[in-house]
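Structure first, commentary second.
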Amino acid sequence: MTADDNGRPHGAAVPDEHEHTARNATPEPAAVDAPPVREPTRWEALTSAPPVGGGGLLDDLPEQGRGASPLRPGTAQEGPSAVRRGLNPEWRNPFFPPAHGNASADPLSDPDEPETSSQREEPAPAEPSAGGAPRSADPRTQDTDHLLEPNVIPFRGSTHDRTTASTTSRRAAVPASEAITPASEAITPASEAITSAAEDGAVADRPAERAAAPAPEPPESARALPTESVAPSPYRGPARHAYPAAQRDAVYRAIRERRDVRVGFRGDPIPHEVLTRVLEAAHQAPSVGFSQPWDFVVIDDTQTRTRVQELVRRQREAYASSLPGARARAFSGLKVEAILDTPVNVVVTVDPTRGGRHTLGRHAQPQTAGYSASLAVENLWLAARAEGLGVGWVSFFEERALARELDLPPHLEIVAYLCVGYVDDFPTEPELSLSGWAQRRPLSWAVHRDHYGRRGLPGEAPTSLLEETVAEIGPPNARAVAEARERQGRMTTPPGALGVLEDVAVQLAGLAGEAQPPIPEPAAVAIFAGDHGVHAQGVTAWPQEVTAQMVRNFLDGGAVVNAFAGQVGAEVTVVDVGVLADLPTVPGLLPRKVARGTADFTRGPAMSRVQAGYAIEAGIEVARDLVAAGNRCLVTGDMGIANTTPSAALIAAFTGRDPAEVTGRGTGVDDAMHEHKIEVVRAGLRANRIDPADPVGVLAAVGGLEHAALTGFILGAAALRVPVLLDGVIAGAAALAAAALSPDVLHACVAGHRSSEPGHSVVLEHLRLRPLVDLELRLGEGSGALLALPLLQGAVRALREVATFDSAGVTERS
């Protein structure tokens, strides 16, 4: 790659002297008579997709275009969009006619407000019709039943009389609180069955029913979901359609207690009527354009299931061989399928073409067919739980191989392979959580307000991810620290014999809040990669494209970090937060690119404050994801040609030391280039306003995107009270920023090694960290920290496993 004097590839746009804000610049102010310019989102600096505008697909169409007949003569042009525009406030949905006597009730009215006499008007006496049946005196409902008929083409062979059913339901004068709309006349299996189980006992507890002979298959109308008399809702106002508390709690109970079950299945057969109810519940799932793209293949043949199990066994072995050591050991004890342990397997497929070319809602998002089939899976799962059935999802198979085994047509795709059967008991938590393989993510991590990144549950004040994370970081647990020290005093070793490892073990005890903390494995190293505009100043002999090349080397498993990670059984994850080049979408690479490299900090800030904040958040999210995936130790890694130069600038800014004291030779520059590099650091500090009390501002001024992301990574680990093993000078510079944001973050930090870069020794002294290894390393990538990982694990293992004098029967010294 060739570059101009500013270090940018030839042919690239050359910014003006204030280019440091160009990557996140806002548009020029619009003219007075022009429409307002929309504020750009965080990712529009990287993509050029135009904003999507426009209203609803069916807005402003004649009502016939919506699939319903005209409501009244002369109102064919007035529909829901007209109501929104205020043109026809009396428009009524033909599928949900108003309840008798309350056609214009305000859904937001106060439920506690007493009714006035005008609200309690008695209906006018009904006049007998020609057939003797009473006719409503309300002129709005006289002879209009035919106008409310939906324009729906009946299914061939359907035995359900739509006209009769809909007319009967409309003519029944029932209070609004007791009315059941046609869409809810059949109670969902989850709520109905769990309510029935609460009253009569689950089907699984009645052996006579389990062994019942299968009855002849009833006609379609008789196979509909069972109905029962629904108690009137006790609610009024907007919540008047809510289920009574007991039924609502049953629905939420089924959701809460649904489990992916792999162990503890019974061999009892599933009665046909129970399995039919479960499948009917799945078939009631919502789908894009009402396309219902699913099919269900019910497998009870033992030979077929045996062949499927062989497909699963081969994939399980392939997956196990790909795992790092600690993960492989944990996986060896996990059961991943119950194909032969259950009486029935159910395969859910999706037809992405069902509904035809013009399926409503699938034009712009064709992938929604698969999403719809997933909803059918969830319905099946909830209904099965209500029936006392366990369900286990199997995904260890090559999809086309299984499709051939099941003789599926080529256009069908497999969404889920489910093992279904009665169980001895349901686990109190997901099995993978109980085994420590993964943890449940808190709801607060997944809820955003108005736009992505603005956090807060409903009713809470919105906050940022950085504020939320810093608020969760606290001091060590004093009780656990004291108990760990007390146990060390009773261990069968002379006091202080393990040196620094004793302090490390106590530190991790205080972090975990346990006198015997968990062993920090499995561990994951996250390599944050980014390019640097200061590369243009000639601070290294290596070309900038080496950053992307080394990222590919990490992903191919050919770097030192891969070798060391394999040695200690750690997982390697690469995070692109600022690489100049586009990188392939491959396993092991997390695309979190905030910008294509930073600007030259000798001419102004390296990045905007907003970009620095996004990079910090990216680091926090990576820490959260790795911990939620079951990792108990995080290791810092980095990649970015010229990144020791911004590291030196950050260290000088946070410690107040002279650039000559903290600037090293990086990748091995000669004396002349080293002197030039020191002057470049000085120039960057002069060109920017540096305030150590504003850590985010310092990162934006002279840092790199990987420095900001590592800052968030360290903060995220500390907030989750998981130890973070620091590598060399780049991680040290990020640790300075993290400690400036939250001093308690250091209780989670362990210095893996001492780099030969002079700035790293300054960092360790400033933060009062003692390195576990000192081998004159200066490679980066996380290599030195990985070498220290067994020492960290050994320190905890000694605290947990070494016997005490009393338990071992060893006489203590006098």
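Has segment 406-416 got any residue that is more than 25 Å from Gly630 (Cα to Cα), open to solvent by 40 Å² or more (accessible area, probe 1.4 Å) and either in contact with a helix residue (DSSP H, G or I) (Cβ under 7 Å, 6 or more places away or on another chain) or in contact (Cβ under 8 Å) with a residue 12 or more places away in the chain (or both)?
Looking through segment 406-416, at least one residue is more than 25 Å from Gly630 (Cα to Cα), open to solvent by 40 Å² or more (accessible area, probe 1.4 Å) and either in contact with a helix residue (DSSP H, G or I) (Cβ under 7 Å, 6 or more places away or on another chain) or in contact (Cβ under 8 Å) with a residue 12 or more places away in the chain (or both).
Pull out all pairs, ordered by first then second residue, where Cβ-Cβ is under 7 Å, the residues are six or more apart or on different chains, the first lies in segment 271-288 and is under 22 Å from Tyr422 (Cβ atoms), and the second is of a type in the set (Asp, Glu) and open to solvent by 60 Å² or more (accessible area, probe 1.4 Å).
Pro271/Glu209
Can you tell which of Arg797, Arg813 is among the charged types (D, E, K, R), out of contact with any helix residue (DSSP H, G or I) (no Cβ under 8 Å at 6 or more places or on another chain) and closer than 18 Å to Ile519 by Cβ?
When all the criteria are applied, what remains is Arg797.
Taking the stated definitions as given, is Gly456 without any contact (Cβ under 8 Å) to a residue 24 or more places away in the chain, within 30 Å of Gly619 (Cβ to Cβ), in contact with a His (Cβ under 9 Å, 6 or more places away or on another chain) and not aromatic (Phe, Trp, Tyr)?
yes
Going through Leu323, Leu340 one at a time, which residue ends up being open to solvent by 30 Å² or more (accessible area, probe 1.4 Å) and modelled with pLDDT of 95 or more?
Exactly one residue qualifies, and that residue is Leu340.
Would you check if Ala751 is among the small types (Gly, Ala, Ser) and within 33 Å of the chain's Cα centre (by Cα)?
It is true that Ala751 is among the small types (Gly, Ala, Ser) and within 33 Å of the chain's Cα centre (by Cα).
Working only within segment 522-552, note down all residues that are of a type outside the set (A, V, I, L, M), more than 24 Å from Phe601 (Cβ to Cβ) and open to solvent by less than 50 Å² (accessible area, probe 1.4 Å).
Of everything in segment 522-552, just one residue is of a type outside the set (A, V, I, L, M), more than 24 Å from Phe601 (Cβ to Cβ) and open to solvent by less than 50 Å² (accessible area, probe 1.4 Å), namely Pro522.
Can you tell me which residue is farthest from Val377 (Cα to Cα) among those in segment 390-415 that are acidic (Asp, Glu) and in contact with a strand residue (DSSP E or B) (Cβ under 6 Å, 6 or more places away or on another chain)?
Top of the filtered list is Glu399.
Please list, ordered by first then second residue, the pairs with beta carbon atoms under 9 Å, 6 or more apart or interchain, first in segment 434-447 and more than 20 Å from Cys633 (Cα to Cα), second of a type outside the set (D, E, K, R) and part of a loop (DSSP other than H, G, I, E, B).
Leu443/Leu457; Ser444/Gly456; Ser444/Leu457; Val447/Gly456; Val447/Leu457; Val447/Pro458
Would you tally the residues in segment 778-814 being free of Cβ contacts under 8 Å to residues at least 60 places away in the same chain and touching a strand residue (DSSP E or B) at 6+ places or on another chain (Cβ under 6 Å)?
1
Answer with yes or no whether Val561 is of a type in the set (A, V, I, L, M, F, W, C), in contact (Cβ under 8 Å) with a residue 60 or more places away in the chain, crowded, with 24+ Cβ neighbours inside 10 Å and within 18 Å of Asp531 (Cβ to Cβ).
no
Of everything in segment 423-443, what is more than 22 Å from Arg385 (Cα to Cα), aliphatic (A, V, I, L, M) and loosely packed, with under 13 Cβ neighbours inside 10 Å? Give them in sequence order.
Within segment 423-443, Leu443 is the sole residue that qualifies.
Looking at Val577, Val572, Val622, Val594, which one is at pLDDT 95 or above, outside any loop (DSSP other than H, G, I, E, B) and either open to solvent by 10 Å² or more (accessible area, probe 1.4 Å) or farther than 20 Å from Leu726 by Cβ (or both)?
When all the criteria are applied, what remains is Val572.
Which of (1) without any contact (Cβ under 8 Å) to a residue 60 or more places away in the chain; (2) open to solvent by 10 Å² or more (accessible area, probe 1.4 Å) is the odd one out, the single condition Ala649 does not satisfy?
So Ala649 meets the others, but not (2).
May I ask you to verify whether Gln247 is touching a Ser or Thr at 6+ places or on another chain (Cβ under 9 Å), touching a residue at least 40 places away in the same chain (Cβ under 8 Å) and under 29 Å from Pro352 (Cα atoms)?
no
Being in contact (Cβ under 8 Å) with a residue 12 or more places away in the chain and either outside any helix (DSSP H, G or I) or among the β-branched types (Val, Ile, Thr) (or both) is the filter here, so list the residues in segment 310-333 that pass it.
Val312, Pro324, Gly333
Of the numbered conditions (1) more than 36 Å from the chain's Cα centre (by Cα); (2) open to solvent by 10 Å² or more (accessible area, probe 1.4 Å); (3) not hydrophobic (A, V, I, L, M, F, W, C), Gly697 fails exactly one; give the number of that condition.
Condition not satisfied by Gly697: (1).
Just to be sure, is Val420 farther than 22 Å from Gly264 by Cβ, open to solvent by less than 10 Å² (accessible area, probe 1.4 Å), modelled with pLDDT of 90 or more and over 23 Å from the mean Cα position of the chain (by Cα)?
No: the conditions fail for Val420.
Let's see how each residue does on (1) at pLDDT below 95; (2) open to solvent by 30 Å² or more (accessible area, probe 1.4 Å); (3) farther than 27 Å from Leu777 by Cα:
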site: Ile641; (1), (2), (3): no, no, no
site: Gly656; (1), (2), (3): no, yes, no
site: Val662; (1), (2), (3): no, no, no
site: Gly668; (1), (2), (3): yes, yes, no
site: Asp671; (1), (2), (3): yes, yes, no
site: Lys677; (1), (2), (3): no, no, no
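Looking only at residues in segment 248-298 that are of a type in the set (Phe, Trp, Tyr) and farther than 24 Å from Lys335 by Cα, which one is least open to solvent (accessible area, probe 1.4 Å)?
Across segment 248-298, the extreme among qualifying residues is Trp294.
Would you be able to tell me the number of residues in segment 743-752 that are open to solvent by 10 Å² or more (accessible area, probe 1.4 Å) and touching a helix residue (DSSP H, G or I) at 6+ places or on another chain (Cβ under 9 Å)?
Counting residues in segment 743-752 that are open to solvent by 10 Å² or more (accessible area, probe 1.4 Å) and touching a helix residue (DSSP H, G or I) at 6+ places or on another chain (Cβ under 9 Å) gives 3.
Which residues, counting only those in segment 362-378, are outside any helix (DSSP H, G or I), within 17 Å of Ala285 (Cα to Cα) and either in contact with a Lys or Arg (Cβ under 7 Å, 6 or more places away or on another chain) or open to solvent by 50 Å² or more (accessible area, probe 1.4 Å) (or both)?
Passing the criteria: only Gln367.
Please verify whether Leu769 is touching a residue at least 40 places away in the same chain (Cβ under 8 Å), touching a strand residue (DSSP E or B) at 6+ places or on another chain (Cβ under 8 Å), open to solvent by less than 60 Å² (accessible area, probe 1.4 Å) and not β-branched (Val, Ile, Thr), treating the condition exactly as stated.
yes
Quick one: would you say Ser761 is among the polar types (S, T, N, Q), under 18 Å from Ala652 (Cα atoms), in contact with an Asp or Glu (Cβ under 9 Å, 6 or more places away or on another chain) and surrounded by fewer than 24 Cβ atoms within 10 Å (Cβ to Cβ)?
no
Condition first: open to solvent by less than 50 Å² (accessible area, probe 1.4 Å), closer than 22 Å to Ala718 by Cβ and assigned to a helix (DSSP H, G or I). Now tell me which residues in segment 454-500 satisfy that.
Hits for segment 454-500 are Leu465, Leu466, Glu468, Thr469, Val470, Ala480, Val481, Ala484, Val500.
The values are calculated or read from the model by the stated rules, or taken from the named source; none is laboratory data. The shown structure was predicted, so the numbers you read here are calculated from the model rather than taken from an experiment. Ideal geometry is used to build each Cβ from the backbone, glycine not excepted, and the neighbour counts take in all protein chains shown. Calculation scope for accessible area: heavy atoms of the full protein, side chains included, ligands and nucleic acids excluded. Shrake-Rupley method; radii C 1.70, N 1.55, O 1.52, S 1.80 Å.
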